Amino acid sequence: MERWQTIIEPFRIKSVEPIRLTTVEERQAKLEAAGYNLFNLHADDVLIDLLTDSGTGAMSSEQWAGIQRGDESYAGSPSWFRFLEAVRDLFPFEHVIPTHQGRAAEKILFSVIGGPGKAIPNNTHFDTTRANVEFTGAEAVDLVIPEGLEPATIHPFKGNMDLDALDAFIAERGAENVPVVFVTITNNSGGGQPVSLENLRGVRAICDRYGLPLFLDACRFAENAWFIKEREAGYADVAVVEIVREMASLADGMTMSGKKDAIANIGGWLALNDARWAEACRNMLILTEGFPTYGGLAGRDLEAMAQGLREVVDPDYLRYRIRSTAYLGEALSEAGVPLVLPIGGHAVYLDAAALLPQIAPLEYPGQALACALYREGGIRGCEIGTVMFGRHPDGSEEAAPMELVRLAIPRRVYTQSHVDYVIEVIRWVAERAGELRGLRIEQQPATLRHFTARFAPL
């Protein structure tokens, strides 16, 4: 298919659901009722839902067949063993602990290894990861390379960890106070940007020097592997499966949301090699999630993830996935809309700070832009900026490093005509960006405020 410019979906559509078309006036009323928080909208009032790619994908006929095959035995279900085999085929860690989604894996792990006085470095923590670290009293520290905080800068692996900063950080804090080093692949908060194998090997070397374990937040591991295949020297002819296994070989464990690159609607896992940590984590799992062979999931969910792990490493799927996301980003970039570049794997990230210079960071330009996209075109995106990351555990607030709006593409859901519509709406809003004004927060929870806070226009 490399001969042709047209991106075709490597699947046929077997079932459809209607989209309810609404007017600008209706959407404005819905915004006001939702407190200008797009998480508070009814999904039926959204035309194109790009809030997240987590659990929103379309499952394949083989995944639905697996759902029918799912065995619901409480312990030792055949579905568990099929799931375990699929995970270990890619990530051969000794202990695999299923959870109902990725944040449950984070909660269990950090409850065991975190605590006051501890610090956990990452290239960039995402929202629930940071919250679960901080909930234990530990500190979540981001150490992405400088290019990763510059939206317009072109770099093939903007998700890379800053190796010098990591080395200095561990030396300053003391290895005894750093229970684990994390690397998020791809780097969601930084624009869906990949991490190179060269960088992972560098992180591994630093961890070995200090005697520390390295874990992957591997939610989008297949997309990261595809970028390595496309961009890293020496990997053009290496199969995606082998690249994934090489990434896994550099780590001591992982957390995973199966709602991303296992293409399932629910599910996740924690995998690791340390037997002592695994025993403590399983005990926590039994207390909060369920027995270690189902972990808060139905057997049918384990089947869906097992099949999804086979499908996600298919090169035809990954080529379509990355190119279709790039199609949206390239069209917007050509129209002069400021973006995080290069285009990420699962989403396009609008640079709200560059587009809306008249709105100060503490007036939430990302939230203002996201609301405008919904009001004008019924498109639901997600603010990734000061609303999500600007508030500290002590209640203080400061501007986030970047003010972004993420347009996350659900897997195998929308067609090219849907994306063309998104392009048209964003261009229209961008041409009138100077008319937009900021927001103030009227109500917010103590943590993860972006999910439930309520706003009002300034």
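Total Lys pairs in the chain closer than 20 Å by alpha-carbon, pairs eight or more apart in sequence or interchain only?
Details: Lys107/Lys118; Lys107/Lys259; Lys107/Lys260; Lys158/Lys229; Lys229/Lys260.
So the count of such lysine pairs works out to 5.
Relative contact order of the chain: 23 percent, from C-alpha pairs under 8 Å at least 6 residues apart in sequence. Only Cα pairs under 8 Å and 6+ residues apart enter the sum, and on that basis the relative contact order of region 231-330 stands at 25 percent.
Based on Cα contacts under 8 Å between residues 6+ apart, region 369-458 shows a relative contact order of 26 percent.
Count charges around Ala205 for me, please; just the other residues with Cβ under 13 Å from its Cβ, Lys/Arg as +1, Asp/Glu as -1. Don't skip to the answer; put the middle values down first.
Working: positive: Arg201, Arg204, Arg209; negative: Asp164, Asp167, Glu198, Asp208.
Around Ala205, the charge tally is -1.
The label point for Gln358 and the one for Glu198, both projected 7 Å from the Cα toward the Cβ, are 4.4 nm apart. Taking the helices alone, the chain has a mean residue ellipticity at 222 nm of -12500 deg cm²/dmol, built from -39,500 (n - 2.57) per DSSP H run of at least 4 residues and averaged over all its residues. Based on the Cβ-Cβ distance of Ile19 and Ala65, what FRET efficiency does E = 1/(1 + (r/R0)^6) give at R0 = 22 Å, to the nearest 0.05? Between Ile19 and Ala65 the formula returns 0.25.
Which value, in debye to the nearest 20, gives the size of the charge dipole of the chain about its Cα centre, when Lys and Arg are +1 and Asp and Glu are -1 at the Cβ? Write out the running numbers ahead of the final one.
Working: 43 positive and 62 negative charges, 145 e Å.
The calculation lands at about 700 debye.
For the peptides 219-229, 108-118, what is the packing order when you average, over each peptide's residues, the other Cβ atoms within 10 Å and list the highest mean first?
Details: 219-229: 27.1, 108-118: 19.1.
Going from most to least packed, we get 219-229, 108-118.
All of the numbers you see were taken from the coordinates with simple rules; none came from a lab. Note that this is a predicted model, so its numbers are computed, not measured. We place every Cβ from the backbone using ideal geometry, glycine too, and count neighbours over all the protein chains shown.
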